[in-house]
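Below is one structure, written out as structure tokens; the observations come after it.
The values are calculated or read from the model by the stated rules, or taken from the named source; none is laboratory data. Owing to the predicted nature of the structure, the values given are computational and were not obtained by experimental measurement. All Cβ positions, even for glycine, are placed from backbone atoms using ideal geometry, and neighbour counts span all protein chains on display.
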Amino acid sequence: MIPAPSIEITNVSKWYGSVVAVNDVSFKVMPGITGLLGPNGAGKTTILHMTAGLAKPSDGDIRVLGEPIRGNYKLYSRIGVMSEHEAVYNVFTGRQFVEFSAKMQGVADVPGAVDRAIELVNLADAQHRPLGTYSRGMRQRMRLAATLVHDPEVLILDEPLNGTDPRQRLEFHDLMQKLASEGRTILISSHILEEVETLAETILLVVSGKLAAAGDYRAIREKLDDRPFQLRIVCSDPRKLAAELVKLSAIDSVAVEDDGSLTVFSRNVAELQSSIARLAKAADVRLIQMEPLDESLESVFSYVVSR
């Protein structure tokens, strides 16, 4: 038997006067981790606000756990929402902040729930410090604890990795996987592809308020990797590395620039990424810097939409 979707959005639009923020979007979210991906201004936050019941769609229908979400206050207690903006009181200690959320949610055992939530985000040692003394990454983690304190079935997280360092990202990934394995539904938005693809089984690509693609992230990533791609390389011996790179079938052209850097044009990013370090090592060339020249999400997603 196929399980019912935890979130079901059908022909949803949202406009503000003459500005269309979301245009006829439909998708379903099943238990597990789903990534909502798109450039800044694509409509991700508007979609999340409507999904959480914080904003009313101008048209269409939204159901969470089988029920209409807007104004359904009993349903709100089954959902955890973490907004993109840091809505914290700096005079609160971390523990007081999570306690406040627990009381607002009507949690029966507040001390026990707070202990569990803070332990989940590995901030027990810092829980009695004021939030104003936290780093941004620490505030994000304590905000996540406040989102989890009432043990919600559905999590809606808007850019939760903002301000976190690599170690904190790994811990966040592990926690999300743990929560998903317990049968929860987690919808995470991000404008960074690499953040989402390491987490989510399913990706929803949103561009200019429309759903551009949906499905398994591997298939979508392959589609992105096939697009034209330019890479700038700084190395210890550019001509020697260029001579090796042109032997790759993934390379269309290599140019040595006036400043000594290389500009590489490729239509097979996956092969290029897997080969470049090996070629440099074999040629005894030291890689100093590599950066994409056309890697803005707007260009990436525009390419997806045009296909």
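Do you know which residues across the stretch 1-21 are touching a residue at least 40 places away in the same chain (Cβ under 8 Å), more than 14 Å from residue 211 (Cα to Cα) and either surrounded by fewer than 14 Cβ atoms within 10 Å (Cβ to Cβ) or touching an Asp or Glu at 6+ places or on another chain (Cβ under 7 Å) (or both)?
Answer for the stretch 1-21, where residues must be touching a residue at least 40 places away in the same chain (Cβ under 8 Å), more than 14 Å from residue 211 (Cα to Cα) and either surrounded by fewer than 14 Cβ atoms within 10 Å (Cβ to Cβ) or touching an Asp or Glu at 6+ places or on another chain (Cβ under 7 Å) (or both): just 4.
State all residues of the stretch 43-57 that are within 18 Å of residue 147 (Cβ to Cβ), in contact with a helix residue (DSSP H, G or I) (Cβ under 9 Å, 6 or more places away or on another chain) and crowded, with 20+ Cβ neighbours inside 10 Å; if no residue qualifies, say none.
52, 53
Please go through (1) modelled with pLDDT under 90; (2) assigned to a strand (DSSP E or B) for residue 295 and return the number of the only condition it doesn't satisfy.
(2)
Which numbered condition trips up residue 172, out of (1) within 22 Å of residue 28 (Cα to Cα); (2) surrounded by 20 or more Cβ atoms within 10 Å (Cβ to Cβ)?
All conditions pass for residue 172, except number (1).
Return a yes/no flag: does the stretch 169-176 have any residue that is at pLDDT 90 or above and aliphatic (A, V, I, L, M).
Scanning the stretch 169-176 turns up at least one residue that is at pLDDT 90 or above and aliphatic (A, V, I, L, M).
Has the stretch 101-114 got any residue that is under 20 Å from residue 162 (Cβ atoms) and in contact with a helix residue (DSSP H, G or I) (Cβ under 8 Å, 6 or more places away or on another chain)?
Among the residues of the stretch 101-114, at least one is under 20 Å from residue 162 (Cβ atoms) and in contact with a helix residue (DSSP H, G or I) (Cβ under 8 Å, 6 or more places away or on another chain), which makes the answer yes.
So if I check each of 124, 145, which one is without any contact (Cβ under 8 Å) to a residue 12 or more places away in the chain, in contact with a helix residue (DSSP H, G or I) (Cβ under 7 Å, 6 or more places away or on another chain) and under 19 Å from residue 90 (Cα atoms)?
Answer to the check: 124.
How many of the residues making up the stretch 29-44 are more than 10 Å from the chain's Cα centre (by Cα) and within 16 Å of residue 184 (Cα to Cα)?
Selection size over the stretch 29-44: 5.
State whether one or more residues within the stretch 31-39 are in a helix (DSSP H, G or I) and hydrophobic (A, V, I, L, M, F, W, C).
No, there is no match, as no residue in the stretch 31-39 is in a helix (DSSP H, G or I) and hydrophobic (A, V, I, L, M, F, W, C).
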